[in-house]
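Accompanying notes for the structure given below.
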Amino acid sequence: MSSEVNPLMSKLLPEQLSRYERDGFLVLEDFVTAEACDRLRERAQKLVAAFDPSEVRSIFSTHEQTRTSDDYFLGSGDKIRFFFEEEAFDEKGGLRQAKEHSINKIGHALHDLDEVFAEFSRTPDLAALASDLGYARPVLIQSMYIFKQPNIGGEVTCHQDATFLYTEPLSVTGLWFALEDASLENGCLWAIPGGHRLGLKKRFVRAKDGGTRFEVLDESAWPLDQLVPLEVKKGALIILHGLLPHMSRTNRSPRSRHAYTLHLIESGCEYPATNWLQRSPKLPLRSFEF
C-alpha cells in the first residue's frame with residue numbers, strides 16, 4: 001500500500017507546516033493514487049450492496065443532530081453502520097431512489113473492521129505525516145466514508161471536529177481524502193482560513209437522560225463571509241486542524257463527491273466518557289501499525 005503514496009508527500013516541508021499553522025488546513029495534491037481511491041469506492045459499494053435497509057433507517061443530519069442521534073448512531077463508534085441522506089425518503093417512508101444513491105455515509109470504525117479500509121488507513125506514510133504534525137503516539141479514533149450523493153447530498157453545517165472528538169488537551173486532526181474530484185458544483189469542502197485560532201465553540205456530548213446535546217462554550221457566530229472553497233482533484237488529501245471551522249454545501253449536481261475521512265487523537269490525552277463516540281474495550285484504539 002505504501003508504494004501507492006507519493007513518496008515526496010510522506011514528509012511535510014517546513015513551508016507546508018508553516019502554511020498549516022497559519023490556515024488550519026493543508027491541501028496535499030496527488031497524495032494517493034487513482035487506483036487506491038477506486039479500491040475504496042469499490043469496497044464501499046460492496047458494503048452498501050450487502051446492507052439491508054429494512055433492518056434500520058438512521059438518517060444523518062447536521063441541522064437537527066441531537067434529534068437524529070438514535071441508538072444506532074450512538075453505538076457506531078466501534079462498528080460499521082450506514083446512515084441515510086435527509087432527502088432519501090418520500091412522505092410514505094419509501095426510498096426515493098436506489099439504495100446505493102441514498103446513503104449519506106458509512107461509519108465509524110471502517111479503519112479497524114474492514115481489511116480494505118484498514119490497509120488504506122495504516123501506512124508508514126500516514127504515520128510519518130502524523131509525526132510531522134507533532135503527534136507522539138497517535139491513535140485512529142474514527143473513520144467515515146462519505147458519499148455526497150448526486151442531487152440529494154446534504155449540507156454539512158460549519159463545525160469543528162473537536163466539537164465531536166474532544167480531548168484534554170485538544171488533539172484531534174482530520175485527514176480528508178478526495179476519492180473523486182471535489183468542486184463547487186458537487187459540494188466541496190469550505191473552510192475559514194485561520195479560524196482554528198477562534199477557540200472551541202461547543203461540544204457534542206451524551207445527555208444524562210439519553211441521546212445527545214450540545215454544550216455551548218462560545219455563542220458568537222462564525223465569520224462565514226471568510227469561508228473559502230477547497231476544490232481538489234481525486235487523490236488529494238486535506239489535513240484539517242481539529243479547531244478549524246469547515247463545512248460543505250448541498251450537492252444538487254448529477255455527480256457524486258465521494259470522500260474518506262480519518263481522525264487522529266493523541267493517545268496520552270484524556271478522552272471523556274461524555275463524548276458521543278465511545279468504543280468497547282474489546283476494540284481498543286490503535287495507531288497506524290497493524
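Readers should treat all values here as calculations from the given coordinates under stated rules, not as data from a laboratory. Remember, it's a predicted structure, so these values are computed and weren't measured experimentally. Positions of Cβ are backbone-derived with ideal geometry, glycine not excepted, and every protein chain shown enters the neighbour counts.
Some values worked out for this structure:
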read-out	value
Residue order, fewest to most surrounding Cβ atoms within 10 angstrom, among 216, 27, 232	216, 27, 232
Region 74-146: GluC sites (Glu not before Pro) in DSSP loop, at most 15 other beta carbons within 10 Å	91
Leading residue at positive end of dipole, region 2-266 (Cβ point charges), from 94, 20, 171	94
Label-point separation in nm, residue 218 to residue 200, each point 7 Å along Cα→Cβ	1.2
At most 15 other Cβ within 10 Å, DSSP loop - GluC sites (Glu not before Pro), region 221-290	289
Under 16 Å from residue 202, Cα to Cα: aspartates and glutamates that are on another chain or at least 8 residues apart	64, 161, 168, 215, 218, 219
Trypsin sites (Lys or Arg not before Pro) within region 119-216: DSSP coil, no more than 11 neighbouring Cβ in 10 Å	208
Set of lysines with alpha-carbon distance to residue 201 below 30 Å, sequence-local pairs under 8 removed	79, 105, 148
Packing-based exposure ordering (other Cβ within 10 Å, fewest first) of 247, 144	247, 144
